[in-house]
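All remarks here apply to the structure that follows.
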Amino acid sequence: MTANLSKSIEPMVRANGVHKNFGALTVLKGIDLTVQRGEVMCLVGPSGSGKTTFLRCINHLERVNAGRLYVDGVLVGYEERGNKLHELHPREAAKQRRDIGMVFQHFNLFPHMTALENITEAPIRVKKQPKDKAVANAKRLLDQVGLGEKAKAYPAQLSGGQQQRIAIARALAMDPKLMLFDEPTSALDPELVGEVLDVMKELARGGMTMVVVTHEMGFAREVADQLVFMDDGAVVEMGAPPDVLNSPRELRTKAFLSKVL
Amino acid sequence: MTATQWQPSELQRTRDAYRRSRARRSWLIALLSSAVFVGALVLSVGTSPGWPRVRESFFDLSLGWQDLPGLLRALWINVQIMLITEVFVLVFAAIIAVVRTLQGPVFFPLRFVAAAYVDIFRGLPLLLVLYLVGLGLPALRLHGAPDSPFVLGVIALTLTYTAYVAEVFRAGIESVHPSQRAAARSLGLTHGQTMRHVVFPQAVRRVLPPLLNDFVSLQKDTSLVSVLGIIDIVLTAENYQSQDFKFVHYVMAGLIFVVMTVPLTRLTDWVARRQGWQGSGGGVV
């Protein structure tokens, strides 16, 4: 199989038996799944089920202990030479991350920078974009998330929903091919959830490949192509959202859904 | 405004009056207790058998006033030492703090040296460091080694204060939440870029109050360089003292230090307060 051919038919994310443990605690016990290009996958499940850890593995913020994880056909965090896996140099790992955007539960904006500076930081430092180009792009992104007038505001001066929309714009500024969302609305007041979900829906409609850890079942039903239910470090059930939500096959899925729906 | 003006109710008015009377009462009590305290102090010191001689030797301010021009001229040396030392301390302390946070086995020797340096120089009394550097270094007769007391004094102060300030910086770096690093790394920034542009600026903002505190302390400790024979403000006062055996010259020098440190102390307070709204934790306080 030539490299070019494999790339064009490769899914965006492919996980084969991904394991992760923190010391004696095994958090992921062999995750198998694929996310196709342009697809939105929602990960749901009780807390402690490993959803967030799996998301962080995709971005190599956590090291995979066993199994293979590919993003766009490229092994994440490791290099395969002969029959052995070699861990990537941190600089190479950083290079892989720049194409993957990530949005965190607690926004994690840089508090000492304005909204605009938060967005232009990575394009200028990592992609070496000229400043005026980065600023112009950032302003366009701020408009896209509906915060064009907040360019000069500091994170502490913005509401949670506004901060999270800035965080999305910051991730988009790197022009990612894949966006990871780690419970993006869990830290928000109920009336602010909608504005963030709207931005995410818009992204999904634009064809962005997204993996979303969420408790928003309404969002999952409306936007997701695949719904994955995880529990205790393993995938329990996956399929089209209406199927999983309306007629879950597994007992654990039923028990979980009865609590959140 | 057409709406009727808010009027305090009868009950509210009696409440306000009661509060005012309580406030007056607190004032009176504070005044009375202060008067008793000062009275007791004056009485006990003033009636002590040695007081007339102490007053004559230490508090003859009309005599001390004449020192002012000479002392202020000598103070310039202390100010120079302070400013030069501060610059070196900031640079070296930042380097050592960052070295101590480096990860990976390759950096073990660097980390070890940095930690050992901090442990040693935080423990050594400044006076001993001044002797070791000021008298020991020239005694080595190394070619090109500095022999000016001024330079040696700056080196000794820098060695000691860099150890303190490095710890202040390190505490700041470690206080920045790991999620900030995760966010920076997820954007593709390298470890170095993350430290320099995300972690360090936040750390410095947070440690500004303790940092200024250390500088207030440094400001005073510049007086210790007089042991190397630098004619600074303290040695000048000593010279005056050796002429008439009165200690008012030291008191004057002390007053000058107090007057000089107060603005820096107030600046520290102001910076600490100001951080409230620009909070680096992301919360609105």
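The values are calculated or read from the model by the stated rules, or taken from the named source; none is laboratory data. Treat the numbers as computed from the prediction; the structure is a model and nothing was measured. So basically every Cβ, Gly included, is an ideal-geometry build from the backbone, and we count neighbours across all protein chains shown.
Details
- Residue-level analysis places B:L228 among those that are closer than 30 Å to B:A74 by Cα, surrounded by 14 or more Cβ atoms within 10 Å (Cβ to Cβ) and either in contact (Cβ under 8 Å) with a residue 12 or more places away in the chain or within 10 Å of another protein chain (Cβ to nearest Cβ) (or both).
- Unique match (being within 30 Å of A:R63 (Cβ to Cβ) and within 11 Å of chain B (Cβ to nearest Cβ)) among A:A156, A:A173, A:A169: A:A173
- Taking the listed residues A:L142, A:L88, A:L109, the one that is within 22 Å of A:K177 (Cα to Cα), in contact with a His (Cβ under 9 Å, 6 or more places away or on another chain) and of a type in the set (A, V, I, L, M) is A:L88, with no other qualifying.
- Taken over region B:154-175, the criterion of being surrounded by 22 or more Cβ atoms within 10 Å (Cβ to Cβ) and within 14 Å of another protein chain (Cβ to nearest Cβ) is satisfied by B:G172 alone.
- For B:V151, the conditions (1) in a helix (DSSP H, G or I); (2) within 14 Å of chain A (Cβ to nearest Cβ) all hold with the exception of (2).
- Set side by side, the residues B:L255, B:L267, B:L212 differ, and just one is part of a helix (DSSP H, G or I), away from chain A (no Cβ under 14 Å) and modelled with pLDDT of 90 or more, which is B:L255.
- All positions within region B:100-123 that are over 16 Å from B:Y164 (Cβ atoms) and either free of Cβ contacts under 8 Å to residues at least 12 places away in the same chain or not hydroxyl-bearing (S, T, Y) (or both): B:L102, B:Q103, B:G104, B:P105, B:V106, B:F107, B:F108, B:P109, B:L110, B:R111, B:F112, B:V113
To keep it simple, each residue is scored yes or no on (1) in a helix (DSSP H, G or I); (2) away from chain A (no Cβ under 14 Å); (3) more than 22 Å from the chain's Cα centre (by Cα).
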{"residue": "B:H197", "(1), (2), (3)": "yes, no, yes"}
{"residue": "B:F200", "(1), (2), (3)": "yes, no, no"}
{"residue": "B:R205", "(1), (2), (3)": "yes, no, no"}
{"residue": "B:V216", "(1), (2), (3)": "yes, yes, no"}
{"residue": "B:T222", "(1), (2), (3)": "yes, yes, no"}
{"residue": "B:E238", "(1), (2), (3)": "yes, yes, yes"}
{"residue": "B:S242", "(1), (2), (3)": "yes, yes, yes"}
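- Annotation note: Cβ proximity below 6 Å between a residue of region A:84-101 that is in contact (Cβ under 8 Å) with a residue 40 or more places away in the chain and at the interface with chain B (Cβ under 8 Å from one of its Cβ atoms) and a residue that is crowded, with 18+ Cβ neighbours inside 10 Å and in a helix (DSSP H, G or I) (sequence gap 6+ or interchain) occurs for A:G101/A:A171.
- Flag if A:G146 is more than 13 Å from chain B (Cβ to nearest Cβ), touching a residue at least 12 places away in the same chain (Cβ under 8 Å), buried (at least 20 other Cβ atoms within 10 Å of the Cβ) and of a type in the set (G, A, S): no
- Checking each residue in region A:102-125 for being more than 7 Å from every other protein chain (Cβ to nearest Cβ) and without any contact (Cβ under 8 Å) to a residue 60 or more places away in the chain picks out A:M113, A:T114, A:A115, A:L116, A:E117, A:N118, A:I119, A:T120, A:P123, A:I124.
- Test for B:A97: is it under 18 Å from B:D214 (Cβ atoms) and surrounded by 18 or more Cβ atoms within 10 Å (Cβ to Cβ): yes
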